[in-house]
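Computed from the coordinates by the stated procedures, all read-outs in this text should not be read as laboratory data. From a predicted model like this one, the values you see are computed outputs, not experimental measurements. Using ideal geometry, Cβ is built from the backbone for each residue, glycine included, and neighbour counts are taken over all protein chains shown.
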Amino acid sequence: MATTTLTQVIPPSTTDSTVHAKIRYIPSGHTPEPSPHNFHLPAIAEFGDVRRLPLRDMRPLPTAEELPKAPKGTAQLSTHGFTAIRYPTSMHLSPYSPSSWKNAKLLEELYVPETEEMVKKVTGAKTVVTEALLLRSAIWSEEDALATHAGHGKQKTQQEIEKETEEMNMHFPQFIGFSPVTGGASPAPKVHLDYAPNGAREHIRKYHPKLTAASSDIIAAEERLLAANKSLRYDYAASGEGPRWALYSIWRPIKPVKRDPLALGDARSFAEEDYIPIDVKAPNLGVPGTNTHNVESYLGRGSQSHEWYWVSNQKPEEVLVINLFDSDKEKETVAAGGTLHSSVELDNTEIEEARESLELRCLAIW
């Protein structure tokens with residue numbers, strides 16, 4: 001295991017009022033071991049390069065309508081790999097309350113369609129398919145509700161595993177962290193990008209049959225290119241064989257964030273050697289049994305060139321749109337437009353209640 005170190009990296013232009021946070025990278029020369037748990041990154045001990053770095057506040061936040069004409073330097077999907085906007089939903093109005101955001105039925109009826117329309121407005125995509133909603137409401141733990149999703153882990157009885165697995169395999173989108181047995185998931189205080197390009201392709205093929213069906217034109221186009229000995233990285237977008245597609249994480253808090261905020265790395269500040277491939281285990285949902293497959297993801301190595309962004313005291317009406325993969329960006333960068341990100345630790349916040357946040361994962365097609 002790598003030895004944990006604490007390095008303070010502060011550019012000359014920062015001031016005493018700059019907010020700094022603890023950010024965990026994979027140490028140089030270290031090869032991490034994959035986690036045996038579903039959806040989980042390697043153990044936190046693998047992230048031994050711990051740095052206290054400045055965070056650039058994205059405030060003031062534009063609305064979705066204001067975003068295209070926002071001032072120069074505003075975080076944009078096309079440049080930074082993420083953006084932040086003010087976008088309240090009907091669930092922020094009476095009679096709904098913070099507890100409503102833990103009601104899967106309400107989320108599916110109200111939040112999912114409203115968020116899909118938001119993604120279309122922000123990205124210009126014609127079709128948006130929600131695949132999963134992930135509730136985080138626990139203090140960080142190495143093995144949490146993510147690990148036990150779809151019957152993986154040791155925290156449930158066999159009967160509970162079989163019942164919950166059957167329910168999850170039948171339903172799409174998936175609701176993760178809503179189980180009364182295991183509760184919500186915890187933050188992920190490890191620099192990562194959920195999908196490397198190969199992992200994104202594996203994901204749309206194996207995560208759930210309904211996601212695969214929604215991706216049928218993409219998959220067919222990729223198979224034609226591969227049969228012709230073409231490179232998907234360099235030829236997919238230029239060939240016109242299939243539609244542009246992307247995977248996004250739509251992240252918003254359920255209550256104002258007092259601890260463990262999400263920080264996002266400006267994609268332009270990361271070099272190719274900063275991305276470390278790692279396999280993350282994921283279930284094959286919607287099919288018999290509890291088989292799993294590996295999804296290639298990226299972890300991050302530290303560099304003084306990295307620039308990190310956040311939204312200070314982020315409120316429920318404020319949402320982050322995070323690019324995880326974009327087929328139009330793959331030729332440009334090894335991360336295909338995705339951005340490394342992590343929950344981060346702020347000074348003197350240990351006594352605050354657990355952060356509560358909701359992440360909606362979706363596929364966008366143009």
Subject >> Qualifying GluC sites (Glu not before Pro) for the stretch 18-69 [loop in DSSP, other Cβ within 10 Å: at most 11] >> reply: GLU65
Original post:
Cα atoms only, the chain: Rg and Dmax in Å?
Top reply: 19.6, 58
Original post:
Taking the Cα centre of the stretch 58-365 as the origin and placing charges on Cβ (Lys, Arg +1; Asp, Glu -1), which of THR74, VAL334, SER141 is farthest toward the positive end of the dipole?
Top reply: THR74
Original post:
Relative contact order of the chain: what whole-number percent is it, with Cα pairs under 8 angstrom and at least 6 residues apart?
Top reply: 27 percent
**OP:** Could you calculate the FRET efficiency of THR63 with THR18 from 1/(1 + (r/R0)^6), where r is the beta carbon distance between them and R0 is 30 Å, rounded to 0.05?
**Re:** 0.65
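Per residue of the chain, what 222 nm ellipticity follows from adding -39500 (n - 2.57) for every DSSP H run with n ≥ 4, rounded to the nearest 500?
Computed ellipticity for the chain at 222 nm equals -5000 deg cm²/dmol.
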Subject >> Potential lengthening between SER100 and ARG52 on full extension [0.36 nm per residue; Cα-Cα distance subtracted] >> reply: 13.7 nm
**OP:** Once you have the Cα-Cα distance between GLU332 and LYS121, take 0.36 nm times their residue separation minus that, and quote the gain in nm to one decimal.
**Re:** 73.5 nm
Original post:
Label points 7 Å out from Cα along the Cβ direction at LEU110 and ALA213: separation in nm?
Top reply: 2.8 nm
Original post:
With each pseudo-label sitting 7 Å past Cα toward Cβ, what's the SER312-ASN291 distance in nm, one decimal?
Top reply: 5.2 nm
**OP:** Could you pull out which residues in the stretch 109-126 have an amide N less than 19 Å from a spot 7 Å beyond the Cα of HIS171, following the Cα-Cβ vector?
**Re:** 109-116
Subject >> Using a Förster distance of 41 Å, the FRET efficiency for GLU33-ARG224 (Cβ separation, nearest 0.05) >> reply: 0.65
